[in-house]
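Below: one structure, written as structure tokens.
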Amino acid sequence: MKKIFLIILLSSLSISLFSQEKYFKNISETQNFSKQIVSLFKENKISQSFEELTPYWPMPENEIESIEGETIKYLNLIEQRFGKSIGEFKVKNETISDFAVRETYIIRYTNSAIRLIFTYYKNEQGFILNAFKWDDSFTEEFK
């Protein structure tokens, strides 16, 4: 009996380590969500943006927290080097059939820009955030 209880306890703990618990119903919802996160990034509200990302992202919570910490650190450096944010722009929307969507945005700063890429995947419950990344490699968008 103790073994069964221990197995149930460990299983529920491992499940709770993964943050993802919500789904998007359709592509329109993913697009609205991406716009919301881009706006938060533009306003340097990184913690709030990660709070919004977490329920849709099937990644262990400790990994999300680590990414959030690094993002806060680097975006503060970006503002010092690139200046203040001055706008946002959707670069493209790509799809693979009806099960995968990738949205790319640019946030402009006074002296440069960063790129945010959202990848959504449709599973049995709906769309989840399969990947999220940002970088300063917006020049790749000229291809």
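Out of (1) over 24 Å from E141 (Cα atoms); (2) free of Cβ contacts under 8 Å to residues at least 60 places away in the same chain; (3) polar (S, T, N, Q); (4) surrounded by fewer than 13 Cβ atoms within 10 Å (Cβ to Cβ), what's the single condition that is false for Q125?
Failing condition for Q125: (2).
If you take the residues in segment 59-108 that are of a type in the set (S, T, N, Q) and surrounded by 13 or more Cβ atoms within 10 Å (Cβ to Cβ), which one is nearest to K122 (Cα to Cα)?
Only one residue tops the list, namely N93.
Would you be able to tell me the number of residues in segment 104-143 that are under 18 Å from K22 (Cβ atoms) and among the charged types (D, E, K, R)?
Residues that pass the stated criteria total 2.
Could you check how many residues of segment 75-87 are modelled with pLDDT of 90 or more and either within 22 Å of E103 (Cα to Cα) or among the β-branched types (V, I, T) (or both)?
Residues in segment 75-87 being modelled with pLDDT of 90 or more and either within 22 Å of E103 (Cα to Cα) or among the β-branched types (V, I, T) (or both): 3 in total.
Is it true that S34 is at pLDDT 95 or above, of a type outside the set (K, R) and touching an Asp or Glu at 6+ places or on another chain (Cβ under 8 Å)?
So S34 fits the description; yes.
Those residues that are of a type in the set (D, E) and in contact (Cβ under 8 Å) with a residue 60 or more places away in the chain, I need them from segment 81-119; list them, please.
E103
Residue by residue, here is whether (1) hydrophobic (A, V, I, L, M, F, W, C); (2) under 15 Å from E29 (Cα atoms) holds:
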| residue | (1), (2) |
| --- | --- |
| D98 | no, yes |
| I106 | yes, no |
| R115 | no, no |
| Y121 | no, yes |
| L129 | yes, yes |
| K143 | no, no |
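Within segment 30-46, track down each residue that is under 10 Å from E88 (Cβ atoms), buried (at least 20 other Cβ atoms within 10 Å of the Cβ) and out of contact with any helix residue (DSSP H, G or I) (no Cβ under 7 Å at 6 or more places or on another chain).
Within segment 30-46, V38, K42 meet the criteria.
Residue check: is K90 of a type outside the set (V, I, T), at pLDDT 95 or above and touching a Phe, Trp or Tyr at 6+ places or on another chain (Cβ under 6 Å)?
yes
The values are calculated or read from the model by the stated rules, or taken from the named source; none is laboratory data. These numbers were taken from a predicted model, which means no experiment stands behind them. Using ideal geometry, Cβ is built from the backbone for each residue, glycine included, and neighbour counts are taken over all protein chains shown.
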